[in-house]
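What follows draws every value from the coordinates through simple rules; no lab data is involved. Source: prediction; values computed, not measured. When we count neighbours, we look across all protein chains shown, and the Cβ atoms used for this are built from the backbone with ideal geometry, even at glycine.
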Amino acid sequence: MNHIFFFYFAAVIAGTSVLVVALRNPVYSALALLIMFFHVAGLYVTLHAEFLAAVQIVVYAGAILVLYLFVVMLLSIRSEERYHNQLPVAGLLGVTLCTEVLLLLIQSRTAPSAPGRSVEAAAETGNTEMIGEALYSTYLFPFEVASLILLVAMIGAIILAKKDIIETTE
Amino acid sequence: MEIGLRLAVSLAQIAAVMGVVMLTVMVLTLAERKVLGWMQDRMGPMEVGPYGVLQPIADGLKLFFKEDIIPAGANRFLFTLAPILALVPAMIGFAVIPFGPSMTIELFGMQVKPFVISDINIGILYILAFASIGAYGIILGGWSSNSKYSLLGGLRSAAQVISYELNVGLAIVGVILLSGSLSLVKITEAQAGGFWNWFVIAMPFPQIFAFVVYVISSVAETNRVPFDLPEAESELVAGFFTEYSGMRFAFFFIAEYANMILVSCVAAALFLGGWNAPYPGTILGHLGLDALAWIENVVWFAAKVYFFLFLFFWLRATLPRLRYDQLMRFGWKVMLPIALGNIVLTAIAAYFFPR
């Protein structure tokens, strides 16, 4: 049962990811990306990571992609032809990479590594609590660094956007 | 067999909840016109049926038989898809709303929770996730119509929904800190035992500021007056659904009302104790009729939801529309700092006075 779901989600993720770059209409690309986000969330649900699934949809589908669509619609690009002559190169690279991954997979037929903190433990305490604990204890330093970087990016964006306003007032 | 039965019971529950929601939408269309009428010293609709009560059925029939027009130059695929994308997220959120006490009954040898379709442990996040998807219907509807009014309406809506969604999410965090759970069932149960336990006034830190931020932001998120800039009729004709007619228009219309009901349900469950009565226990329970106590709880939940729905109409009759820059400034410079400050203070209070 789990395998059926995994292969369904994986197939749709792969298919829609290709569509995102292959479709000519940017709005359709954004929609393909939306479908992909949902299936990634579905993959998280099959792994019993409901919190991640919900956050995936809230952040990526709910906020970031809406901003993309916003920009695409403001510029009102009906179709974008500039990047589509890269298709042969991209195809060649893609096929090469796929063969490499396949070769690696065939060569290293080792048993899958034992799962760390087991899924059952997460199901008992609730994976939201587990993620919170891990973020604020084991991974506290990387977490804080990530927040600092995001803060810097935010301030940078504001300064860039306000540049001409500051110059005109001086 | 087991799976089939479970599926059948779930489908029956979903059908029941959908039926109640659609019925409430019908009641709301009439109630809105009647309440607005009374507030403006008019009668409201009076022609169809006694006292105009059959007006929603007449409206529904009219919309059903209207010609379905797709404007020239519109993107047919997205034009068709947009109303569905608006309606489905509005309906799907009701899956995690607890309408009544969390009891289990035996049905065909299975444990069934009659008043909540699915008690998932991230209930409130689930609702936030699908509420944010509802914006796609509006944006794509505006874009695919190939009309400048629709496009402007869609763009306004995108900016507005993103800005105010953030405030809704942050306002809820205080409640989550106090209850220690993301499940709406557990949040409601944490408020049992009288109105002084409702999170809007509960110790150690009353969520009254979060409540105000939530109510204002949810009005903005459902595109209602005074935040109805995406469909401002004086400047944008009808905003993002200018070009829609017939059943497609009806879909957008139902989605707006279903969203109103959904945010009212969430407000009732998070801040006003959900199905809990404002006194400890239930009167029917104290009288020894424990088997019927759920009726009282469901009635209390409905009363709270209808209070919020009435608030929507009340605001519409009272307030003028905001200007667009005022709307953005209000969202980011007033609502957001209040919501953030509430989180900090609630966290401190919850740390020193754990419940």
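Can you pull out the chymotrypsin sites (Phe, Trp or Tyr not before Pro) in segment A:1-98 whose DSSP state is coil and whose Cβ has at most 16 other Cβ atoms within 10 Å? It would help to have the intermediate numbers written out before the result.
Numbers: sites: A:Phe5, A:Phe6, A:Phe7, A:Tyr8, A:Phe9, A:Tyr28, A:Phe37, A:Phe38, A:Tyr44, A:Phe51, A:Tyr60, A:Tyr68, A:Phe70, A:Tyr83; in loops: A:Tyr83.
Hits after loop and neighbour filter: A:Tyr83.
Return the subset of B:Lys66/B:Lys148; A:Lys162/B:Lys333; B:Lys148/B:Lys333; A:Lys162/B:Lys148; B:Lys113/B:Lys186 for which the Cα-Cα distance in this structure is over 22 Å, preserving the input order.
Values: B:Lys66/B:Lys148 24 Å; A:Lys162/B:Lys333 17 Å; B:Lys148/B:Lys333 30 Å; A:Lys162/B:Lys148 29 Å; B:Lys113/B:Lys186 14 Å.
Over 22 Å apart, Cα to Cα: B:Lys66/B:Lys148; B:Lys148/B:Lys333; A:Lys162/B:Lys148.
What's the angle, to the nearest 10 degrees (0 to 90), between helix B:123-144's Cα axis and the longest principal axis of chain B?
With both axes taken from Cα atoms, the answer is about 0 degrees.
Angle between the Cα long axis of helix B:76-92 and the longest principal axis of chain B, 0 to 90 degrees, nearest 10?
20 degrees
What spacing in nm lies between the two simple spin-label points modelled at A:Leu151 and A:Leu47, each 7 Å away from Cα in the Cβ direction?
2.9 nm
Rounded to the nearest 500 deg cm²/dmol, what is the calculated helix-only ellipticity per residue at 222 nm for the protein assembly as shown, with -39500 (n - 2.57) per DSSP H run of length n ≥ 4? Let's see the in-between values first.
On the way: 21 runs with 351 residues, N = 525.
That calculation yields -22500 deg cm²/dmol at 222 nm.
Would you give the gap between the C-alpha center of segment B:292-316 and the C-alpha center of segment B:193-241, rounded to a whole Å?
16 Å
Within 10 Å of each candidate Cβ there may be at most 13 other Cβ atoms; applying that plus a DSSP loop requirement, which chymotrypsin sites (Phe, Trp or Tyr not before Pro) in segment B:55-123 survive? Before the final figure, lay out the partial values.
Working: sites: B:Phe64, B:Phe65, B:Phe77, B:Phe79, B:Phe94, B:Phe99, B:Phe108, B:Phe115; in loops: B:Phe99, B:Phe108, B:Phe115.
Filter output for segment B:55-123: B:Phe108.
Where a ≥ b ≥ c are the square roots of the eigenvalues of the C-alpha gyration tensor, would you call the protein assembly as shown rounded, which needs a/c under 1.5, or, failing that, prolate if a/b is larger than b/c, or oblate? Kindly include the intermediate steps, with their values, before the conclusion.
Numbers: a/c = 1.39, a/b = 1.13, b/c = 1.23.
Judged from the Cα gyration tensor, the protein assembly as shown comes out rounded (a/c under 1.5).
Identify all lysines with a Cα-Cα distance to B:Lys62 below 20 Å; exclude those on the same chain that are fewer than 8 residues away in sequence.
B:Lys34
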